[in-house]
Structure formats: structure tokens, C-alpha cells
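Right, one structure below, let's go through it.
The values are calculated or read from the model by the stated rules, or taken from the named source; none is laboratory data. Here the structure is a predicted model, which means the values were calculated and not measured. Every residue, glycine among them, receives a Cβ derived from its backbone with ideal geometry; neighbour counts consider all protein chains shown.
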Amino acid sequence: VFSHVVRAPEDPILGVTVAYNKDPSPVKLNLGVGAYRTEEGKPLVLNVVRKAEQMLVNDRSRVKEYLPIVGLAEFNKLSAKLIFGADSPAIRENRVTTVQCLSGTGSLRVGAEFLARHYHQRTIYIPQPTWGNHPKIFTLSGLSVKTYRYYDPATRGLNFRGLLEDLGSAPSGAIVLLHACAHNPTGVDPTLQQWEQIRRLMRSKALLPFFDSAYQGFASGNLDADAQSVRMFVADGGECFVAQSYAKNMGLYGERVGALSVVCKTADVASRVESQLKLVIRPMFSNPPIHGASIVATVLKDRNMYNEWTIELKAMADRIISMRQQLFDALRARGTPGDWSHIIKQIGMFTFTGLNSEQVAFMTREYHIYMTSDGRISMAGLSSKTVPHLADAIHAAVTR
Ligand code: LMR
């Protein structure tokens, strides 16, 4: 009965790892998925995470009972504080509801399903380009997906005028997906002044902000600085949705830890929204897993562990920034044609190189370098040892 089933293509991002794993070459390099690697090219478990896990294991009072549908209460409270700030009026006034979800994707999905059921506008505007999973998540949730201009290939920077024009002509009330910081895949963020203009335009048209915050702390190395865009929208008293992921900033990728927060106008609305979020979650995954959220809560609630985390986080962000400089210098040293200054201007985990899909295919075929076909490279997968190999490959690709 399933003989008609056609083979689906691999995922454009996670499929890169599948291809990489099959390649026997000793010089192969995976710059596809956004996952942090050490200078030795190894995955990293943060010391503070190991410490938290040890504490959890040693605590014999801990059991494996189901969490409530909305997850670990302490985790939810601390997550809201992390993104909105300890002194956020929305938290003080109990206008925020936060539910634990399965990392960024799960949080986006729960938020989108809620919106499809309870919000009068079913259209969501996503940036062009954006993370490949966004359109799929929102379409499957029952929203209608449209795009707004974001990236300008000519300047390899923000198409701010295009962005304002497209949001300016969006229907009143439409939902707008915003990357809180370190835009994926471009590494291009609005400045704070530009954020303020976006906020004013969106509020004047009652557009609903839905933030995807997957890189808090990874863009600048500073958790508060990377939450500025979200906090601007919360400070004006309006509604907003935020999906948070701890995959990158706490290195908890496979633990699938994240949170969805909905900032409402009143505490009463927030509690009714939460009651409906439970109806979305229960038939989807019943209740979230306990381990990863317990790690996060353990780290966030202890001042010393929190400080230790910020130091480790900053070290990851700094290593990525140094990779940018090294790659830029290596291309300059080779006299590679083109202006590569965007490599040091873009921020976060990725560089949107401007290489086309043919050049990417060439680099994979000839140099065993794996990356997404849109020319995005994960800087976090690079090390001082592998920079020359990548620079050689880019040089060869653009001078063929
Ligand atoms: C990425 O963009 O590489 C990451 O967000 C990982 C993923 O799930 O796609």
C-alpha cells in the first residue's frame, strides 16, 4: 500500500551532514549545520552544563515524573527573565505567559498553531531569505506565508528601504517574523536605530511581532545586547511573541530545550492565552522533556553558574569572530577577487558568502567542503587549521 510513496529530498541543512558523513576524505569539512565546534573541530559541552548535570544526577530527590503541560515552571520564569530582562514591566505585571517547548522549532510551531486558531490575521511575513525551516513550520501550522525584502545581494547588507516598503504595504494586523539577532542565514542585522523605525512602523499598522531568538549571546557575546530588539518591542506595552532556543547559546542542541513567550496586554489575557497554549501542546507532544530544562534552570538561577556560562558563551562568540578575521585575511593574502569585507561585518554563526550553488557544488566536489547551497557557511565549524583549506577552495571557486 505504500509502493506509491516517492522518496523525499534530504533537508537542505541537516542533509548536508548526511552527505558529509558519507564522504571518506580525511580533509572533509562540515560548514553546513549551525553547530559550534572547538578549535580541534570537536563538539563542545560547556563546563557549566557538565556541572549542572552532575548536580542533577547527585540530587536523589529528583524523579522522572511528567512535567506539567507547560513544562518546568522555574525554567519558564527564568527564560522570560533572560530574554525580556530582569526589570521587565511585562513580567512584573504578569502579562507574559511562557511555556517550555522543543527548542526553537517547537516554540515557533506552538506559537504559530495558537495564532492560526485564535488570531484574526492568518498571514505571516518572513524575511527573504530566512532559515529554511520557517516557511515549512508556518505553512503546516495553517498560516499563509509571505515574504518581505531583507537582504541586498549588491551590498551584502540590509535592504532597509525594501523592508520598510514591504512591511508598510502588509495588511493591518499581519504577523511579522523577526530574527532577534544574528539573522540566519545572512548574519545581517538592523542597527538599533533601524529596529526603532521598524518598531514604529509595525506598531502604527498593528503588525504583530513574532521573534525567533535562537542566538542570544552569540551575536555580540553579551546576552542583554542581543535581546535589545525584543526588549524595544516589549517596552512599548504592545503584544509580542518570542521563541527562544538554548541549542546554540548553551550548546544543548540535542536536548531540545526552548520556550515560547507571549506578551499580552493584561495578566488576565495572558492566563487565558496560556490555557489555550496547553490545548495546542497536549495533543502535539503532551508535555516537554525534563532534563534539558533542568540544566538551564540550574545554570540560570545560580549567580556563579550564570557568570560562568556568560564567560563560556563569550569565548564561543569570540572564537567565531576570530574565524571571520582569519578567513578574511586568508582571502586577502590570496588576492581572491571581490570584496570580502562582509565576512567581518556580518555577525553570529553564519557568513552569507555570496557564492552561488555551482560554486558551492564545486567546493564540495573538489575540496570536500560541505555547506548549504545558498552559500552560507557556519563559521562555528571552522578552525585556524581549516581556514587555509577553505580559503583555497573559495579562491578556486571564484577564479575558475
Ligand atoms: C541551522 O540553521 O543550521 C541550525 O539552525 C540548525 C537547524 O536546525 O537547521
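Just a few scattered comments:
Every residue, every condition in (1) hydroxyl-bearing (Ser, Thr, Tyr); (2) within 16 Å of the ligand (Cβ to nearest atom), yes or no:
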{"position": "Tyr148", "(1), (2)": "yes, no"}
{"position": "Ile175", "(1), (2)": "no, no"}
{"position": "Thr186", "(1), (2)": "yes, yes"}
{"position": "Arg200", "(1), (2)": "no, no"}
{"position": "Phe218", "(1), (2)": "no, yes"}
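- Test: residue in segment 56-74 that is buried (at least 23 other Cβ atoms within 10 Å of the Cβ), on the phi < 0 side of the Ramachandran plot and not aliphatic (A, V, I, L, M): no
- If you go through segment 159-180 and pick out every residue that is more than 25 Å from Phe84 (Cα to Cα) and touching a His at 6+ places or on another chain (Cβ under 9 Å), you end up with 0.
- Qualifying residue in segment 66-75 (condition: closer than 20 Å to Trp309 by Cβ and charged (D, E, K, R)): yes
- Taking the criterion of being over 21 Å from Asn133 (Cα atoms) and either assigned by TED's automatic domain parsing to the domain that holds Thr186 or within 16 Å of the ligand (Cβ to nearest atom) (or both), the residues of segment 345-395 that qualify are Gln346, Ile369, Leu382.
- Residue check for Gly292: surrounded by 22 or more Cβ atoms within 10 Å (Cβ to Cβ), in contact with an Asp or Glu (Cβ under 9 Å, 6 or more places away or on another chain) and in the same structural domain as Lys81 (by TED's automatic domain parsing): yes
- Only one of the numbered conditions (1) charged (D, E, K, R); (2) crowded, with 18+ Cβ neighbours inside 10 Å; (3) farther than 19 Å from Arg324 by Cα is not met by Asp189, and that is (3).
- Out of Arg109, Arg92, Arg117, sole residue that is surrounded by 15 or more Cβ atoms within 10 Å (Cβ to Cβ), at pLDDT 95 or above, charged (D, E, K, R) and farther than 30 Å from Ile321 by Cα: Arg109
- Within segment 1-54, restricting attention to residues that are part of a helix (DSSP H, G or I) and closer than 26 Å to Pro388 by Cβ, the residue that is farthest from the ligand (Cβ to nearest atom) is Lys22.
- Index of the failed condition, Ala86 passing every other in (1) touching a residue at least 12 places away in the same chain (Cβ under 8 Å); (2) closer than 21 Å to Met305 by Cβ; (3) within 24 Å of the chain's Cα centre (by Cα): (1)
- Which numbered condition Pro289 fails, given (1) within 16 Å of the ligand (Cβ to nearest atom); (2) not in a helix (DSSP H, G or I): (1)
- Counted as qualifying within segment 304-400 are no helices (runs of 4 or more DSSP H), as none has 3 or more residues that are in contact with a helix residue (DSSP H, G or I) (Cβ under 6 Å, 6 or more places away or on another chain) and crowded, with 22+ Cβ neighbours inside 10 Å.
- Segment 92-106 residues that are of a type in the set (S, T, N, Q), paired with ones that are within 16 Å of the ligand (Cβ to nearest atom) (beta carbon under 7 Å, 6 or more apart): Ser103/Ser245; Ser103/Ala247; Ser103/Arg256; Ser103/Val257; Ser103/Gly258; Thr105/Asn133; Thr105/Ile137
- The single residue among Phe138, Phe160 that is of a type in the set (Phe, Trp, Tyr), without any contact (Cβ under 8 Å) to a residue 60 or more places away in the chain, assigned by TED's automatic domain parsing to the domain that holds Ala235 and within 18 Å of Cys240 (Cα to Cα) turns out to be Phe138.
- When segment 339-359 is filtered for residues that are closer than 22 Å to Tyr370 by Cβ and in contact (Cβ under 8 Å) with a residue 24 or more places away in the chain, the ones remaining, listed by number, are His342, Gln346, Gly348, Met349, Phe350, Thr351, Phe352, Thr353, Gly354, Leu355, Gln359.
- Taking the conditions (1) closer than 23 Å to Gly258 by Cα; (2) of a type outside the set (Phe, Trp, Tyr); (3) in contact (Cβ under 8 Å) with a residue 60 or more places away in the chain in turn, Ser384 satisfies each one other than (1).
- For segment 87-170, the helices (runs of 4 or more DSSP H) that sit wholly inside it and include 2 or more residues that are among the small types (Gly, Ala, Ser) are 103-118, 160-168.
- When Gln244, Gln216, Gln228 are checked against the criterion of being under 19 Å from the mean Cα position of the chain (by Cα) and without any contact (Cβ under 8 Å) to a residue 60 or more places away in the chain, a single residue qualifies: Gln228.
- Test result for Phe328, in contact with a Lys or Arg (Cβ under 9 Å, 6 or more places away or on another chain), away from the ligand (no atom under 16 Å from the Cβ) and among the aromatic types (Phe, Trp, Tyr): no
- Residue pairs meeting the criteria (Cβ under 6 Å; at least 6 apart or on separate chains; first surrounded by 13 or more Cβ atoms within 10 Å (Cβ to Cβ), in segment 276-287; second among the hydroxyl-bearing types (Ser, Thr, Tyr)): Asn287/Tyr66
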